[in-house]
Amino acid sequence: MKFLEYQVKERFKAAGIPVPDGRLARTPDEAALAAGALGPVAVKAQVPVGGRGKAGGIKLARTPMDAKRAAGEILGMTIKGYPVREVWCETAQEITHELYLGLTLDRDARKPVLILSAQGGMEIEEVAEHHPEAIAKLHPDPWRGPLPFEVRDLIFRAGLGPLQAQLGPLIIKLYALARTYDALTLEVNPLALTRDGGLVAADGKLEIDENAMFRHKDLHGADESDEDPIEAEAKRRKLTYVRLDGSIGVIGNGAGLVMNTLDLVQREGGRAANFLDIGGGAKAEVVHSALELLASDPQVKGILINIFGGITRGDEVAHGIIDAARELNLKLPLVVRMTGTREEEGRRLLQEAGITPEASATAAARKVVELAATGQR
């Protein structure tokens, strides 16, 4: 479950993490009233995704009329598939420096990991790629949490020693909040150092493990009606799907295989439009459902299906692909790589239906990228 910024900040405030004063507005007039009460404000679109600023979803307003105008421009926008139905108007901050503080799960270490960086205000993945030395990490014991000396060491490794007195308690509070809500991700980005020397959570992100929701039945996150429509449809179909920002639809059986396929597509010059894992033992109807889902996405310009037949049978997968392609009158380029159980039967069925499978995953990725670029089938 994901939460909107203002919902996260309500929880920050309750946990003792400093946040700017703010008000929620669903109309331009309400935004004007908020600015009248708070003074200069940042008017911020409330959607459960990042990249709002780049999309024009965050605007500064010095007067109530400015806030009304800004809210009028932001309300009704669509950001990464999410319609903007409300804005958060919060007191504008005089920021001198932006930090990053977050907690997520490190699946390799099988522990939570606290991440602190003196370079905030951008995606932490970008910092990790271009300035890995600017990131400090701490894997606290999940039972006892971070100890004071571990927190101090984290702060100094991040080059933020002068802020130790303020950062130390804040990190402890963030970790406690994450445990309380069974958070998969909890981050403050940016954690703003203001002109008066204080630290304030200028933005917040919270995602709760859905498997733990039986412990949090009183919580209400982002409105499900605002969910990406294709992700919502995938959920209804019980498909493991994540939308990405490319144009090559990817279907595979097994998370590792799908991740590898995403990498192959990128290596061949394309970008994946999604992650879609149909799982082991997938029947023809599951393959049909997955292909139908990707065909409904206008972002998708070509589809790559990568199947390794262990439990999954190649002929079953082929039947699903053939039936779906016919029923949907599929016009998109479709490339299939199939190996494993009954691969020969599967390939024969595909060839008879006019779908030529590629022999290797690399060749299949190269082919679909070429076809999608030229618009060929």
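The values are calculated or read from the model by the stated rules, or taken from the named source; none is laboratory data. Remember, it's a predicted structure, so these values are computed and weren't measured experimentally. When we count neighbours, we look across all protein chains shown, and the Cβ atoms used for this are built from the backbone with ideal geometry, even at glycine.
Are any residues in region 349-371 over 37 Å from the mean Cα position of the chain (by Cα) and at pLDDT 90 or above, and if so, which ones? Once the filter is applied, which keeps residues that are over 37 Å from the mean Cα position of the chain (by Cα) and at pLDDT 90 or above, region 349-371 yields only LEU349.
Checking each residue in region 341-377 for being among the charged types (D, E, K, R), exposed (fewer than 15 other Cβ atoms within 10 Å of the Cβ) and not in a helix (DSSP H, G or I) picks out only ARG377. Within region 103-131, restricting attention to residues that are closer than 24 Å to LEU199 by Cβ and surrounded by fewer than 17 Cβ atoms within 10 Å (Cβ to Cβ), the residue that is modelled with the highest pLDDT is VAL113.
Do we have any residue at all in region 26-38 that's within 19 Å of the chain's Cα centre (by Cα), more than 24 Å from LEU170 (Cα to Cα) and surrounded by 15 or more Cβ atoms within 10 Å (Cβ to Cβ)? There is no residue in region 26-38 that is within 19 Å of the chain's Cα centre (by Cα), more than 24 Å from LEU170 (Cα to Cα) and surrounded by 15 or more Cβ atoms within 10 Å (Cβ to Cβ).
The condition of being farther than 30 Å from LEU177 by Cβ and either under 14 Å from the mean Cα position of the chain (by Cα) or not assigned by TED's automatic domain parsing to the domain that holds VAL317 (or both) holds for ASN274.
The one condition from (1) assigned to a loop (DSSP other than H, G, I, E, B); (2) touching a helix residue (DSSP H, G or I) at 6+ places or on another chain (Cβ under 9 Å) that GLY76 does not meet is (2). Of the candidates ASP297, ASP323, ASP277, the single residue that is touching a strand residue (DSSP E or B) at 6+ places or on another chain (Cβ under 9 Å), among the acidic types (Asp, Glu), at pLDDT 85 or above and more than 15 Å from LEU257 (Cβ to Cβ) is ASP297. In region 319-335, the count of residues that are surrounded by 18 or more Cβ atoms within 10 Å (Cβ to Cβ), assigned to a helix (DSSP H, G or I) and of a type in the set (Lys, Arg) is zero. Looking at PRO162, is it under 19 Å from ILE95 (Cα atoms), free of Cβ contacts under 8 Å to residues at least 12 places away in the same chain, surrounded by fewer than 16 Cβ atoms within 10 Å (Cβ to Cβ) and not acidic (Asp, Glu)? Against the criterion (under 19 Å from ILE95 (Cα atoms), free of Cβ contacts under 8 Å to residues at least 12 places away in the same chain, surrounded by fewer than 16 Cβ atoms within 10 Å (Cβ to Cβ) and not acidic (Asp, Glu)), PRO162 qualifies.
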